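The values are calculated or read from the model by the stated rules, or taken from the named source; none is laboratory data. A quick note: this is a predicted structure, and the numbers were derived from the prediction, not measured. Here Cβ is always computed from backbone atoms with ideal geometry, including for glycine, and neighbour counts include all displayed protein chains. Note: accessible area is taken over every heavy atom of the protein model, side chains too, but ligands, DNA and RNA are not part of it. Shrake-Rupley method; radii C 1.70, N 1.55, O 1.52, S 1.80 Å.
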Amino acid sequence: MSGAAAIEFPWGPAPDGLDQPYWDGLRAGELRLQRCGNCAEWIWGPQWICAHCHTFDPGWERVEAVGTVYSWARSHYPFITELADRTPYVTVLVELPEAGNRRVLGILTGDDTDVKIGDPVIGHIELDEGATWPLLRWRRREGAQA
């Protein structure tokens, strides 16, 4: 794939509107995940129905964007246009204890050397120049121990 151009993938709400509250939350400066109104099960990625109790009652709740690195990968290829000038970059899968240990994906910003599973991270929301929708990013928490 040497010399291949990054693929133009727009980010933002899906055409069906299912994840619109997630994106609206980012615009409001907060992370929002679904939670079933019937059984209180956390849901991610967005669903029309709760997989736990099968009710059509998932709502959206604010979640503290604080967690730990569950897995990570360093990429040297810009899979999307946004990352064309940011290689290499580290993608992290972050486990959120406040949201029933649901895991969300994002880019690690700041010092991405010596990343370890279990590293404590905190989310921050960035709106790239010219972008319509902000993105959730992660950085390691200063002074925190895994």
task = Give me a count of the residues in the stretch 92-146 that are touching a helix residue (DSSP H, G or I) at 6+ places or on another chain (Cβ under 8 Å) and open to solvent by 40 Å² or more (accessible area, probe 1.4 Å).
result = 1
remark   = For the stretch 25-41, the count of residues that are within 21 Å of His124 (Cα to Cα), open to solvent by less than 60 Å² (accessible area, probe 1.4 Å) and more than 14 Å from the chain's Cα centre (by Cα) equals 0
message = For the stretch 58-83, which positions are over 20 Å from Pro13 (Cα atoms) and open to solvent by 60 Å² or more (accessible area, probe 1.4 Å)?
response = Glu64, Tyr70, Trp72, Arg74, His76
Residue count for the stretch 62-87, restricted to those that are of a type outside the set (A, V, I, L, M, F, W, C) and either without any contact (Cβ under 8 Å) to a residue 12 or more places away in the chain or more than 27 Å from Cys36 (Cβ to Cβ) (or both) = 10
task = Only residues in the stretch 19-43 that are within 18 Å of Gly106 (Cβ to Cβ) and touching a residue at least 40 places away in the same chain (Cβ under 8 Å) count as the first member; pair them with residues that are among the small types (Gly, Ala, Ser) and in a helix (DSSP H, G or I), Cβ under 6 angstrom, at least 6 apart or cross-chain, and list the lot.
result = Leu33/Ala99; Trp42/Ala99
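Of the residues that sit in the stretch 114-144 and are of a type in the set (Val, Ile, Thr) and at pLDDT 90 or above, which one is nearest to Tyr70 (Cα to Cα)?
Looking only at the stretch 114-144, we keep the residues that are of a type in the set (Val, Ile, Thr), and these are 115, 117, 121-122, 125, 132.
Adding the requirement that they be at pLDDT 90 or above leaves 115, 117, 121-122, 125.
Details: Val115: 11, Ile117: 5, Val121: 10, Ile122: 13, Ile125: 20 Å.
Within the stretch 114-144, the match that is nearest to Tyr70 (Cα to Cα) is Ile117.
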